[in-house]
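First up is the structure itself, then whatever we jot down about it.
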Amino acid sequence: LVGFTALSSVLFLTACGGGGNEESSGTEGGEVSADVGVVSFLTGSGAAYGEAIQGGLKLAQEEINAKGDVKINLIFEDSAGKQDQALTAAQKLINSDNVTAIIGPTLSTEMNVVGPEADLSGVPIIGTSTTAEGIPQIGDYVFRNSIPEALAIPASMQQAIDKYDVKKVAILYGNDDVFTKSGYDTMKKTAEEMGLEVLTTETFQKGQSDYNAQLTKIKNLNPDLILASALYNEGAVIMDQARKMGIDVPFVGGNGFNSPEVINIAGESSNGLIVATPWYSEKEDEKVQEFVTKFEEEHGHVPDQFAAQAYDALYILADALKNAGSSDRDAVRDALAKTKDFEGILGNFSFDEEGDVLMDPTVLVIEGEKFVEFK
Ligand code: 1QQ
């Protein structure tokens, strides 16, 4: 597949009279400069994800450009969390802006359409928050630095089950989104493997506001724990309605719950939410704390996991640009694929053979309306 896509981008460059991305990117006096497109969920129900990602990228960009080996120009496009808008944005970045690479899109649902487009166009693309099964397997140009649900959910389930001696669970998931469905698949499989009894499996859709029917059923079955696969907007409302109905058991959530927006929306109803994350702002690590301080100075609040993942992703791309010694898309893809032992704020990072991630998550719980380490 590499051969084919590499060949097709050579043909494309030739057909364009060798234009490619030379006009906007290139090598200036030994320094590699590149236009990098960003497709992000900047408006609408999940805008807090996109804002965090944008903040992390901008901070990394400032630092990278100040160092001087690599100059990155970021071109941001809003996907509003929608597949068609994400695809249109990516096509503009690929064909009109001639970007060297793309960061994003935010949702796995979006990556499922943008990933194949970038791959067939020979444009390296790095998801920083896409956690569904199968994302890097879309193609050789598709990478991610976000820990997959398949690693994160079993880690949080195991700790929650050990601590609370869980035997019976209820599952609630969004059945109209690639990420929420993938999270559900992992929850179901892990529950089976752990010998848990699944009392009921309930579904909902994006933008739903009333979860009374699902939660009433769950409450009557009296589970020890609820497994929820949701984006923050629906997830927070679910927790709020559950607590108001008197459901006080812990929740284990997937990556969608890793946003402080859950606490902002649900307030004390968010207490008892358990999630796994590759990032924790209170980690005693110099790099982490420097990032937290700088981000806080700029934004007035502590960065979340999404900001941290985006920050590391741009550094990973900057290293690939430096190692490639050019902003040529194929050279950058090959350099990216070789990323090994990158020391970022998420810890030590390498891509596996498929461009996927191997990482140990930290499990957190919301207590007193704050994410703290789950022990
Ligand atoms: C995905 C996710 C979301 C929670 C990203 C914001 O993990 O869509 O894969």
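The values are calculated or read from the model by the stated rules, or taken from the named source; none is laboratory data. Since we're looking at a predicted model, the values are computed, not measured. Cβ placement follows ideal geometry from the backbone for every residue including glycine, while neighbour counts extend to all protein chains displayed. Keep in mind that these areas ignore ligands, DNA and RNA; they rest on the heavy atoms of the full protein, side chains included. Shrake-Rupley method; radii C 1.70, N 1.55, O 1.52, S 1.80 Å.
Details
Table: residues versus (1) touching a Cys at 6+ places or on another chain (Cβ under 9 Å); (2) in the same structural domain as D84 (by TED's automatic domain parsing); (3) touching a residue at least 40 places away in the same chain (Cβ under 8 Å); (4) within 16 Å of the ligand (Cβ to nearest atom).
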| position | (1), (2), (3), (4) |
| --- | --- |
| I153 | no, no, yes, yes |
| Q159 | no, no, yes, no |
| V166 | no, no, yes, no |
| K188 | no, no, no, no |
| Q214 | no, no, yes, no |
| K219 | no, no, no, no |
| A242 | no, no, no, no |
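- Residues of the range 96-123 satisfying the condition of being open to solvent by 10 Å² or more (accessible area, probe 1.4 Å), free of Cβ contacts under 8 Å to residues at least 60 places away in the same chain and closer than 16 Å to G134 by Cα: V113, P116, E117
- The single condition from (1) within 16 Å of the ligand (Cβ to nearest atom); (2) outside any helix (DSSP H, G or I); (3) of a type outside the set (K, R) that N73 fails is (1).
- Any pair with Cβ under 8 angstrom, 6 or more apart, that starts in the range 170-181 at a residue that is touching a residue at least 24 places away in the same chain (Cβ under 8 Å) and within 12 Å of the ligand (Cβ to nearest atom) and ends at one that is open to solvent by less than 30 Å² (accessible area, probe 1.4 Å) and charged (D, E, K, R): G174/E234; F179/E149
- Lone unmet requirement of (1) within 16 Å of the ligand (Cβ to nearest atom); (2) open to solvent by less than 30 Å² (accessible area, probe 1.4 Å) for N264: (2)
- Scanning the range 240-272 for residues that are under 22 Å from the mean Cα position of the chain (by Cα) and within 13 Å of L172 (Cβ to Cβ) returns F251, V252, G253, G254, G256, F257.
- When each of N65, N73 is tested for being in the same structural domain as G44 (by TED's automatic domain parsing), touching a residue at least 24 places away in the same chain (Cβ under 8 Å), among the polar types (S, T, N, Q) and more than 22 Å from S146 (Cα to Cα), the lone residue that passes is N73.
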